[in-house]
Each structure stands twice: as structure tokens, then as C-alpha cells.
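Below is one structure; the comments refer to it alone.
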Amino acid sequence: MVSEKNGIHSYLSEYQESITGIEKSGEVDWSAIQMILAKEHGWTEEGAGILVDLVQDYGSFILSHALALAIIEGQEDGRLGM
């Protein structure tokens, strides 16, 4: 189970090291980030695509609230089993 203590902070530093500054023409290169997630961080291509879509669709405000609720309610994998 992901918790604030052991999960989010390690994910932040792990992703920050490999993803920060990935840009194409001055904008975030989401397809490059998806590829890095799949190649370097253990995501399947489909899972990396879903993760990138969630970030683009909802952003950190909504997702941080969703994370807080998921942690409180013990929802690690969710209904979709991902």
C-alpha cells in the first residue's frame, strides 16, 4: 500500500530525476515521458499511457485529492485492477 511516508516521496524523486526537462518545442513531451515510464520505471506501455492521460486530463490538484482518498480508504489497485 502506498502511504505518504514510503510512496509519494520516493516516486517524486524517482520521476524527477528521469523526467524533469523533457520538452519538445518548449512544451512537455508527453510521448517521451510515456516511453521513459515504460522503459525505466516498470510500467507497461498501456499503463504509462493511462498515467500520462490522467495527468493531462486531471492535473495535480484533482489527483492529489484522489490519492489522499485512495490512501485513507485502502484503494491500492482500484476497480480496474491496475
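Just a few scattered comments:
- Pair list, Cβ under 6 Å, 6 or more apart: segment 6-30 residue modelled with pLDDT of 85 or more, other residue not hydrophobic (A, V, I, L, M, F, W, C): Ser18/Glu40; Asp29/Glu23
- Meets criteria (small (Gly, Ala, Ser), within 11 Å of the chain's Cα centre (by Cα) and either at positive phi or part of a helix (DSSP H, G or I) (or both)) for Gly47: yes
- Against the list (1) within 19 Å of Gly81 (Cα to Cα); (2) part of a helix (DSSP H, G or I); (3) within 11 Å of the chain's Cα centre (by Cα); (4) not polar (S, T, N, Q), the condition Ile8 fails is (1).
- Checking Gln75, Gln56 one by one, the residue that is polar (S, T, N, Q), surrounded by 10 or more Cβ atoms within 10 Å (Cβ to Cβ) and part of a loop (DSSP other than H, G, I, E, B) is Gln75 and no other.
- Conditions (1) touching a Leu at 6+ places or on another chain (Cβ under 9 Å); (2) modelled with pLDDT under 95; (3) farther than 19 Å from Gly81 by Cα; number of the one not met by Gly47: (3)
The values are calculated or read from the model by the stated rules, or taken from the named source; none is laboratory data. From a predicted model like this one, the values you see are computed outputs, not experimental measurements. When we count neighbours, we look across all protein chains shown, and the Cβ atoms used for this are built from the backbone with ideal geometry, even at glycine.
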